1. Which whole-number value in Å³ per residue fits the convex hull of the alpha carbons of the chain?
2. Counting Lys +1, Arg +1, Asp -1, Glu -1, what net charge surrounds R223 among other residues with beta carbon under 13 Å of its beta carbon?
3. Could you tell me which chymotrypsin sites (Phe, Trp or Tyr not before Pro) in region 178-237 are loop residues by DSSP with no more than 15 other beta carbons within 10 angstrom of their beta carbon?
4. Could you tell me which trypsin sites (Lys or Arg not before Pro) in region 66-158 are loop residues by DSSP with no more than 12 other beta carbons within 10 angstrom of their beta carbon?
5. Rolling a 1.4 Å sphere over the protein heavy atoms, what is the accessible area per residue of the chain, to the nearest Å²?
6. Mind grabbing the base-10 log of I(q)/I(0) for region 1-138 at q = 0.12, 0.13, 0.15, 0.19 Å⁻¹? Debye formula, identical points on the C-alpha positions, no solvent, two decimal places.
7. Which percent of the accessible area of region 92-247 is formed by carbon and sulfur heavy atoms (probe 1.4 angstrom)?
8. Roughly how far apart, in whole Å, are the Cα centres of region 36-94 and region 96-142?
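The values are calculated or read from the model by the stated rules, or taken from the named source; none is laboratory data. Predicted, not measured: the structure shown is a model, and the values here were computed from it. Neighbour counts are summed over all protein chains in view; Cβ atoms, including those assigned to glycine, are modelled from backbone coordinates with ideal geometry. Just the protein is used for accessible areas: all its heavy atoms, side chains included, with ligands, DNA and RNA removed. Shrake-Rupley method; radii C 1.70, N 1.55, O 1.52, S 1.80 Å.
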Amino acid sequence: MNKSQRYSLIDAIRGIAVVNMVVYHLCYDIFCAFGVWSSFYRAVPVIIWERLICSTFIIISGISLHFTRHGFRRGLIVSLCGIVTTVVTVIFTPDQSIFFGVLSFLGCAMLLTYALRRLLDRMNPYVGAILFFLLFALCYNIPNGTLGFFSAPLVHLPDALYQFKWLAFLGFPSNDFFSADYFPLLPWLFLYLFGYQLWRIITQRRLERLFLGKIPVLDFIGRHSLIIYMAHQPILYGICYLFFEVL
């Protein structure tokens, strides 16, 4: 595989997720941050919408790790952006603070997956993809205290695992833990690894040429997703603040 090759359709898919993310966060700011409809994020269609956005980001990020020669550097940069997000939200919007949000998760997932890439590349990609997706489904509800199939519980985990805030990054949040954006390693690392193996299947079947096509604007947005992620929420929140609190 030529790592210098740009698969613009992957950028475009990421761009679609970025657009959805911006719209979702605008709705969240209007309805939740400024009290128009505080239970907005609990509505089932909204939960499905948010999960689809985040799952797309995570799978695409797992796929895209194949295209970089600097996985550690990329992982450190994204992790640093996650730390900046935490600091900014704690200072300026403490009631919407973010601890181990999607950027912190993606940075850690990049570092872990890049470190394990030689071992992952020895796996049969079909076995790997199925295994990691099943592990994702099994562990999906770990932050809520159970193992099962997605949200259907099969086994309740010991309460002792959920007594310490510092275990929240693994997927074991304590009762007093809160984060406005929370993506622990369990279960989401398995979805990231699924994305990594998915691209190996695509290349093994020589289907990567299908991702060379461009979708104007969306592929541009996808290439600049990190900058947009860092900038969009302060801008949206500022606009909402002017509209609801000043004007």
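1. Convex hull volume per residue, Cα atoms: 135 Å³.
2. +1
3. F178
4. Of the trypsin sites (Lys or Arg not before Pro), the ones in loops of region 66-158 whose Cβ has at most 12 other Cβ atoms within 10 Å are R69, R122.
5. Spelled out: the 1.4 Å probe surface of the chain, per residue, equals 54 Å².
6. These q points yield log10 I(q)/I(0) values of -0.61, -0.71, -0.92, -1.31.
7. In region 92-247, the share of accessible area belonging to carbon and sulfur is 69 percent.
8. About 14 Å separates the Cα centre of region 36-94 from the one of region 96-142.
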